[in-house]
1. Find which of LEU104, GLY242, ALA29 sits farthest along the positive direction of the dipole of the chain, computed with +1 on the beta-carbon of Lys and Arg, -1 on that of Asp and Glu, about the Cα centre.
2. Please state the equivalent ellipsoid semi-axes for region 4-59: what are the square roots of 5 times the Cα gyration tensor eigenvalues, largest first, in whole Å?
3. Taking 8 Å as the Cα distance limit and 6 or more residues as the minimum spacing, I'd like the relative contact order of the chain as a percentage.
4. Taking neighbour Cβ counts within 10 Å as the exposure measure, how do ILE27, ILE5 sort from fewest upward?
5. Calculate the translational D of region 1-143 in whole µm² s⁻¹ from Stokes-Einstein, where the hydrodynamic radius comes from the Kirkwood formula applied to all Cα pairs, the temperature is 4 °C and the viscosity 1.567 mPa s.
6. Report, to two decimal places, the Cα Rg of region 149-211 normalised by 2.2 N^0.38 Å (N = number of residues).
7. Can you tell me the dipole magnitude for the chain around its Cα centre, using point charges on the Cβ only (Lys, Arg +1; Asp, Glu -1), in Debye to the nearest 20?
8. P(r) tail for the chain, what percent of Cα pairs lie past 34 Å?
Amino acid sequence: MVLPIGDDNRDRRTTPIVNYLLIALNIFAFIYWQKWGHDVSITYSYATVPGEILTGKDIVTGTKILVDPITHERFQLPGLGVTPIPVFLTLFTSMFLHGGLSHLGGNMLFLYVFGDNVEDAMGHISYLVFYLLCGMLAGLSHVCAMLFLGQDLLVPSLGASGAISAVLAAYMRLFPGKQVHLWIFLFIIPVPAFIAVGVWFAFQVMNGLGMLGGQEAGGVAYAAHIGGFIFGLLLTGRFAKGYISRRRAYGRR
């Protein structure tokens, strides 16, 4: 098990109020809106469905009874519910939905560790726009990948991972040498951000390549992770322009 548990925040100048708000909204949505993940009707109505994004139309399907090929256990797969908002807005709503406590907890841990410094560099409003924009672009990356790879376009995707991937990319670009504390089994090891984030991204790419075999690796939307990361790298310079200019001016002194 490898998890980031903290970093060096001694140079942070501001309170990351937007980052705290995003974490609170994700937790609130899971507890109140999704009812601790038990309200599957919300999940299947407000998650991003590639087929809906590609056609611009709401798709409603019936409940299916599936049989596990190994255990032969029968289980019920809920159908896609009615989406009471324009389907394109699910690229936004899906960012605040999670599939379970571990999904939520892992995403919020990464956002807590890496988001505060990125917000400090970009400023509160720019960070919020960056987060939401990259999150929606990550969702579109997933939709395009599903179409290109011939995947099931009716499988919904959800989670903040795409937006958080962009935050990781921004962190690596803005603070490549900052020490990130990784919990590796029983040890806590400080490593530079470019190594911690770089290894994470390499893992996403390797697992994402499993999609070429015909199915999404482990049910995880790796295309959204990779897309979010790439868009994060590309857009960081625009959203953190002031911080980058100050850093360059300081370096010339």
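1. GLY242
2. 33, 16, 10
3. 25 percent
4. By the 10 Å Cβ count, ascending, the order reads ILE5, ILE27.
5. Roughly 75 µm²/s, to the nearest whole number.
6. Cα-based Rg divided by the globular estimate yields 1.39.
7. 1140 debye
8. Counting every Cα pair in the chain, those more than 34 Å apart make up 19 percent.
Bear in mind these aren't lab numbers, they're just calculated from the coordinates by the rules spelled out. This is a predicted model, so every value here is computed, not measured. Here Cβ is always computed from backbone atoms with ideal geometry, including for glycine, and neighbour counts include all displayed protein chains.
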